[in-house]
Amino acid sequence: MMQQLTSTLSYIAQWITRIAILNVIWLLFSLPVITLLPSTYAMFQVVKVWNSEDVEVPIFRTFWDAFRTGFGRSYLIGLPIVICEFILFIDFLFLRAQEGEVALILTYGLFVLFLLFQIGAIFAVPVYQTSDFSWYKSFLGGLVFGLKNWYLTLIVLLGLLLLTGLLLLWTGLGILLAGGASAQLIYYVYFIGVRRFEAFEQEKVGQ
């Protein structure tokens, strides 16, 4: 029993250390605002390798290779999403300043649109990095994945909410872990959905 407990604690400590190292690298590479998108893209690429290939890959080298080779691709997927997020935010501020029933209905409608957009945005990068889709097809693919696997989406949203709480309550620890932990959570859940779909397709072929 003690050996199993020690092994479990060692496993957890290894993952916390791994995520913390990745998170620090991501923060350092994101210091110039212009490199935030490539840095985030590279962070997701490292997590993709962890979940699909090998968790023992050199973190910095894998990050740097993804940062360098994916610099342009990161803007193709990231910039449209950032622009759309900004437009939705401005629309929300505009509607909040209005009064009346119409403004209230439009605000609720915008909230639904915002929620759907977040679901698509959450899974857009994993779809983009695991396929040859363009940015908008990756976004739509992420939205379809998120809606079809709604229970997995709820897990991700709850996890992101908890990480936000960690960032607010224990800022230092949150800064150290939040980015890498978010990427790991998203990719881990994404691959659960992908593997279940693949298993389902194999069962259909077997029948």
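Looking for whichever is free of Cβ contacts under 8 Å to residues at least 40 places away in the same chain and within 20 Å of the chain's Cα centre (by Cα) here; the options are Phe145, Phe117. Which one fits?
Just one listed residue meets the conditions, Phe117.
Which residues, counting only those in segment 75-95, are out of contact with any helix residue (DSSP H, G or I) (no Cβ under 7 Å at 6 or more places or on another chain) and among the charged types (D, E, K, R)?
Within segment 75-95, Glu85 is the sole residue that qualifies.
Based on this model, can you work out whether Thr171 counts as over 18 Å from Trp15 (Cα atoms), touching a helix residue (DSSP H, G or I) at 6+ places or on another chain (Cβ under 9 Å) and of a type outside the set (Asp, Glu)? Spell out the reasoning first.
Numbers: over 18 Å from Trp15 (Cα atoms): yes; touching a helix residue (DSSP H, G or I) at 6+ places or on another chain (Cβ under 9 Å): no; of a type outside the set (Asp, Glu): yes.
In short, no.
Here's the yes/no breakdown for (1) under 30 Å from Leu116 (Cβ atoms); (2) of a type in the set (Asp, Glu); (3) not in a helix (DSSP H, G or I):
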{"residue": "Ala13", "(1), (2), (3)": "no, no, no"}
{"residue": "Val24", "(1), (2), (3)": "no, no, no"}
{"residue": "Ala42", "(1), (2), (3)": "yes, no, no"}
{"residue": "Asp65", "(1), (2), (3)": "no, yes, no"}
{"residue": "Gly72", "(1), (2), (3)": "yes, no, no"}
{"residue": "Tyr75", "(1), (2), (3)": "yes, no, no"}
{"residue": "Cys84", "(1), (2), (3)": "yes, no, no"}
{"residue": "Asp91", "(1), (2), (3)": "yes, yes, no"}
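Give me a count of the residues in segment 72-123 that are among the polar types (S, T, N, Q) and exposed (fewer than 15 other Cβ atoms within 10 Å of the Cβ).
1
Does segment 133-142 contain at least one residue that is of a type in the set (A, V, I, L, M, F, W, C), in contact (Cβ under 8 Å) with a residue 24 or more places away in the chain and surrounded by 16 or more Cβ atoms within 10 Å (Cβ to Cβ)? It would help to see each step written out before you state the result.
Start the filter on segment 133-142 by keeping residues that are of a type in the set (A, V, I, L, M, F, W, C), which leaves 133, 135, 139-140.
Among the residues that remain, those that are also in contact (Cβ under 8 Å) with a residue 24 or more places away in the chain are: 135, 139.
Next, from what is left, pick out any that are surrounded by 16 or more Cβ atoms within 10 Å (Cβ to Cβ): 135, 139.
Within segment 133-142, one or more residues are of a type in the set (A, V, I, L, M, F, W, C), in contact (Cβ under 8 Å) with a residue 24 or more places away in the chain and surrounded by 16 or more Cβ atoms within 10 Å (Cβ to Cβ).
Show me the helices (runs of 4 or more DSSP H) found entirely inside segment 101-207 where at least 1 residues are in contact with a strand residue (DSSP E or B) (Cβ under 9 Å, 6 or more places away or on another chain) and charged (D, E, K, R). Outline the logic, then answer.
Working: elements: 101-129, 135-148, 150-169, 171-206.
Result: empty, no element qualifies.
Does Trp64 fit the bill of being closer than 22 Å to Thr130 by Cβ, at pLDDT 95 or above and surrounded by fewer than 17 Cβ atoms within 10 Å (Cβ to Cβ)?
Yes, satisfied.
Quick check: is even one residue across segment 50-58 over 26 Å from Val189 (Cα atoms) and either more than 17 Å from the chain's Cα centre (by Cα) or not in a helix (DSSP H, G or I) (or both)?
No; the residues of segment 50-58 include none that is over 26 Å from Val189 (Cα atoms) and either more than 17 Å from the chain's Cα centre (by Cα) or not in a helix (DSSP H, G or I) (or both).
The values are calculated or read from the model by the stated rules, or taken from the named source; none is laboratory data. If you're wondering where the values come from, they're calculated on a predicted model, not measured in any experiment. Backbone-built Cβ (ideal geometry, glycine too); neighbour counts: all protein chains shown.
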